[in-house]
Structure formats: C-alpha cells, structure tokens
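What follows is a set of notes on a single structure, which appears directly below.
The values are calculated or read from the model by the stated rules, or taken from the named source; none is laboratory data. Quick caveat, the model's predicted, so the values are computed rather than measured. Here the Cβ positions follow ideal geometry from the backbone for every residue, glycine too, while neighbour counts run over all protein chains shown. The area values use the complete protein model at the heavy-atom level, side chains included, leaving out ligands, DNA and RNA. Shrake-Rupley method; radii C 1.70, N 1.55, O 1.52, S 1.80 Å.
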Amino acid sequence: MKILFVCLGNICRSPAAEGVARVVVKELAEEITFDSAGLGNWHIGKPPHKPMRQVAAEKGYPIDDLSARQVKSTDFQEFDWIVAMDSSNLEELKRLKDLYGGKAQLSMLLDPKNHGQKDVPDPYYGDMDLFYESFGLIERAVPDFLRKL
Ligand code: 4NP
C-alpha cells in the first residue's frame, strides 16, 4: 500500500502528515509506505518550513530529513491513495487525475464528522498557534485515516 499526502507547497501540512504516518505505521508494523508532495513548484528541494519542523519535533515526529517535491503524472499510477489536506488541493488533484488517468483513489485527510472540519488550515502565512492547530488536526487524522484502510 502506497500513500501520498498532498498540500499546496509541500513544506507545511503534507510533510507533517508524512512524519506522523511513518511513526504511526512503525508502531502498527503495517506494510504501508508514504510520501508527500505539493501542487505548486515554489519550494522544490527545500526542507519543511521551520515552524512546522519545530512543532513536529516537539510532538515527537521529526521531519527535518524531508524535502519538497511537486506532484507528478506518475504519482496517479504509483500510489494507491492520494490524500488532500484541503478542498482546493482535492479539486486540483481531481483535475490532474482526469488529465493523467491512473489507479490512485483520491481522499480528503479530515472527516468532518470526526474532526469537526473538512480542511487542514494552511498555516504558511499564520502565527505559531496556527501551526499547532494544523499539526494537531494532522496528528489525530492520520491514524484515523490509516485505520479506515
Ligand atoms: P503547505 O503550506 O501547502 O501546507 O505546504 C504552504 C506553503 C507555501 C505556500 C503556500 C502554502 N506558498 O504560497 O508558498
């Protein structure tokens, strides 16, 4: 099983989801591999944004080793699930899947019934509180998503 987490820049939300997923799966000893990618190309090759690295490390999910890449056409063939951090990410992923084809199933990360909202807020231009809020949602929702598979 291969899962790709996607956000806009691949420097805040989706690397955080990848960081949480790889810790959770190690605990479950499941055969699942992860990656993350962004829809935009602005931050290719960069590590996650410093405030998100800080929050992730503090919560026990260090992500300093990750580096940003852009979503590519072969992702829709390679991954079983592509998981969007917000509704606009999902709309763009639907458009790309129509274009490229592929087996990947598309999903939102959050389930509003469980997590109270549908979008993980984009913290990029926000303050530290927003990084904690986004990370907290991701930390809850990633194990919930994995359990549903
Ligand atoms: P992310 O946050 O999608 O969670 O990685 C963002 C990072 C960068 C930008 C937007 C969102 N940006 O516009 O550069």
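What the table below lists for this structure:
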{"item": "Hits in the range 108-126 (condition: away from the ligand (no atom under 11 Å from the Cβ) and touching a Pro at 6+ places or on another chain (Cβ under 9 Å))", "result": "K118"}
{"item": "In the range 112-149, residue surrounded by the fewest Cβ atoms within 10 Å (Cβ to Cβ) [restricted to those that are under 30 Å from E31 (Cβ atoms) and small (G, A, S)]", "result": "G136"}
{"item": "Scan of the range 81-111 for residues that are open to solvent by 70 Å² or more (accessible area, probe 1.4 Å) and not aliphatic (A, V, I, L, M), ordered by number", "result": "S88, E91, K94, R95, D98, Y100, K103, Q105"}
{"item": "Among (1) open to solvent by 80 Å² or more (accessible area, probe 1.4 Å); (2) part of a helix (DSSP H, G or I); (3) touching a Lys or Arg at 6+ places or on another chain (Cβ under 8 Å), the one test that D64 misses", "result": "(2)"}
